[in-house]
Amino acid sequence: MIYININEPMVFIATNELSISFGQKKVIDNFSSYFYAGCYCLVGPNGSGKSSLLKVLAGVNKNYQGQLGLHQQERYNEVRTYLPDVPKFYPFLKAREFVEMVCRVRGIDSAKYLLRFGEAFKINEFLQQPLHSLSLGQTKRLFCTVTLIDEARIWILDEPSNGLDRLSREMLVESIKNHAQENLVIISEHNMDVVESIGSVKVIPLG
């Protein structure tokens, strides 16, 4: 990762001529942008590089060319959280054990967490099930909740509403709206109803 100077205090991430390739195919070509506080949405057809760009911005994929600048570079792992489109997990854990592990790492009371999000996202009903047995909707609801309790300044969410029911989507939208008031949220989202519900979203077309 190459850090570049960011002099404006409200710039969280900056890219300069950032390119991402898979073999001979370039999925992102010379992408330059500043990300300020607020919500940004990457839109484009499948294969346009949305997930690839989010992985680079999240620090998950370091295979790119160009420059990536971070406002708080020395604490990057502390200032951002990432929700992939297809979450990966420890399949042998039960949902409750996974929640308790994440809360313990973040210094959060798991009982308070479940009180706040358990009913809203309907995860209480499958807390005793092993993660490998959960449906896509259950998995996405579980991972959304452990993402939304994170107080990181940067949220990077790949198709966060995929698999969620209406009430869970409404909770997701409210959480994004509240967080984006003073922080940065970058999402990719096929459901334009979700994007419209968030409100002040800066759309970035790809592809």
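Each value in this text was obtained by applying a stated rule to the coordinates, not by laboratory testing. Values in this document were obtained by computation on a predicted structure and should not be read as measured data. Cβ atoms come from the backbone with ideal geometry, glycine included; neighbour counts cover every protein chain shown.
Of the GluC sites (Glu not before Pro) found in the stretch 139-191, those in coil by DSSP whose Cβ has at most 14 other Cβ atoms within 10 Å are Glu151, Glu182. Label positions at Asp193 and Val11, each projected 7 Å from the Cα along the C-beta direction, are separated by 3.9 nm. For a paramagnetic label modelled on Glu170 (point 7 Å from Cα along Cα→Cβ), amide N atoms under 15 Å away belong, within the stretch 119-158, to 119-122.
Here the simple spin-label model places points 7 Å from the Cα toward Cβ, and for Gln181 and Ser135 these points are separated by 3.4 nm.
For the stretch 94-207, the normalised intensity computed at q = 0.21 Å⁻¹ comes to -1.21 (log10 of I(q)/I(0), Debye sum over alpha carbons, equal scatterers, no solvent). Taking the Kirkwood radius as Rh and the Cα radius of gyration as Rg, the chain has a ratio of Rg/Rh equal to 0.96.
Counting trypsin sites (Lys or Arg not before Pro) as exposed when in a DSSP loop with at most 10 other beta carbons within 10 Å, what is the longest stretch of the chain free of them? Longest gap between qualifying sites, sites excluded: 89-207. Over the residues of the chain, the helix contribution to mean residue ellipticity at 222 nm works out to -8500 deg cm²/dmol, using -39500 (n - 2.57) for each DSSP H run of at least 4. Label positions at Lys25 and Lys94, each projected 7 Å from the Cα along the C-beta direction, are separated by 4.2 nm. The magnitude of the dipole of the stretch 11-205, with charges of +1 and -1 set on the Cβ of Lys/Arg and Asp/Glu and taken from the Cα centre, is near 360 debye.
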